[in-house]
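Student: Could you have a look at this structure, given as structure tokens, before my questions?
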Amino acid sequence: MKKIIILLTSILLLCGCSSATEEPAKPTFVPQQPPSQSLTLEEKVGQLFMVRSDSVTEDSIKTLQPGGVIMFAVDFDGITKEEAKTRIENLKNMTQVKPYIAVDEEGGTVVRVSRNPNLAPEKFESPQYYYNEGGIELVLEKEKQKSELLLDLGINMNLSPVSDVSTKTTTFIYDRTFGKGAEETADYVRQVVGVMDGCGISSSLKHFPGYGDNLDTHVTIAIDTRPLDHFRNVDFLPFISGIDAGADSVMVSHNIITAVDPNLPASLSKPVHDLLRNELAFDGIIITDDMAMAAAEGYKEPYKTAVLAGNDMIIVSDFVTAYNEVLNAVRNGEIPEEMINAAVDRIINAKIKRGII
């Protein structure tokens, strides 16, 4: 890594009548401003990827240096708290620029960590459940407990809160949402992001521009034909609220929004990202939903397209293929290096803000 200041200090401790010398501290990497100037092109491209821990090798992490690792239930099932902490610390030590360690710990139907009784006293329930049991106060109390648990394990990003508006119990996304109208959901998102921010964990609003009543994009294509004004009057409200509250990132869905771009899923659509950047004035990290989902399959050069659309980070399973596709596109001039620099600056500055590096 070029142009990085490496600080290495040895500390001598004097305790009572005896003295002891600590082991030398690990090198601390202090990026220049803007941070992208501190990295080679290859290192910058690595920062754009959040890789699935259950699909990536240790060698590829050490060689390609991803900006984040997302962990799933398989990574936590049956292990102790100390084993989880060790596993996460080992992941962090594989990269020079410390990575995001992310999970989807939404509560209810989507939990990765608290389903293991060794790691949490109880499985976190959905925000709907807690609201019905004890109002917004209980929701926020549980959100604080969740954030503290994740941080204690070494996890620094929770891909939450779900900011979609859904009131129809029969729809795919309903159980993962607050289950109320736009204004109530917006207030819920604002307060949850505030709790997460206060705890020091990164949040991610999902799934922009609003999931609606669409089909499950994990298994099929979802085409949303609602007019853009409906998004502006309903679906955008919780995202605006979360952005104003300081959310670090926004995750973009794979739904095709015909009012904005009838040809590409939102995750690969520049017009959708332009809405988020320009109309909603979001200047944080934009993340794709998992690119291994069925609704994102079948598109030519999807990772290059995702970068050109305006994503800062891409969730991938096939890390090596994705990395090489983007790196080659930059070298060939198909992706301007200025786009990579802007994304890397957002990523690293957000990590600095959270004390990750």
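The values are calculated or read from the model by the stated rules, or taken from the named source; none is laboratory data. Keep in mind it's a predicted model, so treat the numbers as computed, not measured. Note that each Cβ is placed from the backbone with ideal geometry, even for glycine, and that neighbours are counted across all protein chains shown. The area values use the complete protein model at the heavy-atom level, side chains included, leaving out ligands, DNA and RNA. Shrake-Rupley method; radii C 1.70, N 1.55, O 1.52, S 1.80 Å.
Student: Could you check the simple spin-label distance between residue 72 and residue 229, using points 7 Å along Cα→Cβ, in nm with one decimal?
Tutor: Spacing of the two 7 Å Cα→Cβ label points: 4.2 nm.
Student: Label points 7 Å out from Cα along the Cβ direction at residue 54 and residue 170: separation in nm?
Tutor: Modelled inter-label distance: 3.1 nm.
Student: Which of rounded, prolate, oblate describes the range 195-331, given a ≥ b ≥ c as roots of the alpha-carbon gyration tensor eigenvalues and a/c under 1.5 marking rounded, otherwise prolate only if a/b is larger than b/c?
Tutor: On the way: a/c = 1.68, a/b = 1.18, b/c = 1.42.
It is oblate, given that a/c is not under 1.5 and a/b is not larger than b/c.
Student: Specify, per residue and in Å³, the volume enclosed by the convex hull of the alpha carbon atoms belonging to the chain. Working shown, then result.
Tutor: On the way: hull volume 52.3 nm³, N = 357.
So the per-residue Cα hull volume is 147 Å³.
Student: Quick one: of 123/180; 85/270; 62/144; 85/351; 62/123; 206/351, which pairs are farther than 27 Å apart, Cα to Cα? Each step should come with its number before you reach the end.
Tutor: Details: 123/180 23 Å; 85/270 38 Å; 62/144 33 Å; 85/351 20 Å; 62/123 33 Å; 206/351 19 Å.
Over 27 Å apart, Cα to Cα: 85/270; 62/144; 62/123.
Student: A further question on this structure: Among 64, 257, 316, which residue has its Cα positioned farthest towards the positive end of the charge dipole of the chain, with +1 placed on the Cβ of Lys and Arg, -1 on the Cβ of Asp and Glu, and the dipole taken about the Cα centre?
Tutor: Working it through, the farthest residue towards the positive pole turns out to be 64.
Student: HN-Hα J couplings of the range 204-209 from phi, Karplus 6.51/-1.76/1.60, θ = phi - 60°, integer Hz, Gly and Pro as x?
Tutor: Per-residue couplings from phi come out as 9, 7, 9, 10, 4, x Hz.
Student: Helix-derived [θ] at 222 nm for the chain: sum -39500 (n - 2.57) over DSSP H runs of at least 4, divide by residue count, nearest 500?
Tutor: On the way: 11 runs with 127 residues, N = 357.
After summing the helix terms and dividing by the residues of the chain, the value is -11000 deg cm²/dmol.
Student: May I ask for the distance between the Cα centers of the range 209-233 and the range 69-112, given as a whole number of Å?
Tutor: After rounding, the separation between the Cα centres reads 30 Å.
Student: Could you calculate the FRET efficiency of residue 300 with residue 338 from 1/(1 + (r/R0)^6), where r is the beta carbon distance between them and R0 is 25 Å, rounded to 0.05?
Tutor: Computed FRET efficiency for residue 300 and residue 338: 0.60.
Student: Can you work out the FRET efficiency for the pair residue 354 and residue 259, with r the C-beta to C-beta distance and R0 = 30 Å, to the nearest 0.05? Present the calculation step by step, with values, prior to reporting the outcome.
Tutor: Values: r = 35 Å, r/R0 = 1.16.
For R0 = 30 Å, the calculated efficiency reads 0.30.
Student: Would you mind checking the radius of gyration and Dmax of the range 220-289 based on alpha-carbon positions, in Å?
Tutor: 11.6, 33
Student: Once amide H atoms are built 1.01 Å from N in the peptide plane, which residues 5 or more positions from residue 156, or in another chain, come under 5 Å H to H?
Tutor: Amide H to amide H, under 5 Å and 5 or more residues apart or across chains, residue 156 pairs with 101.
Student: Now for a separate question. For the chain, give me the percentage of DSSP beta bridges that are antiparallel, rounded to the nearest 5 percent. Walk me through the numbers on the way to the answer.
Tutor: Values: 8 of 32 bridges.
Restricted to the chain, the bridges split so that about 25 percent are antiparallel.
Student: May I pose another question? How much of residue 59 can a 1.4 Å solvent probe reach, expressed as accessible area in Å² and rounded to 10?
Tutor: Probe radius 1.4 Å; accessible area of residue 59 about 110 Å².
Student: Testing the spin-label approximation: label points 7 Å from Cα along Cα→Cβ at residue 40 and residue 62. State their distance in nm.
Tutor: Calculated label separation equals 1.6 nm.
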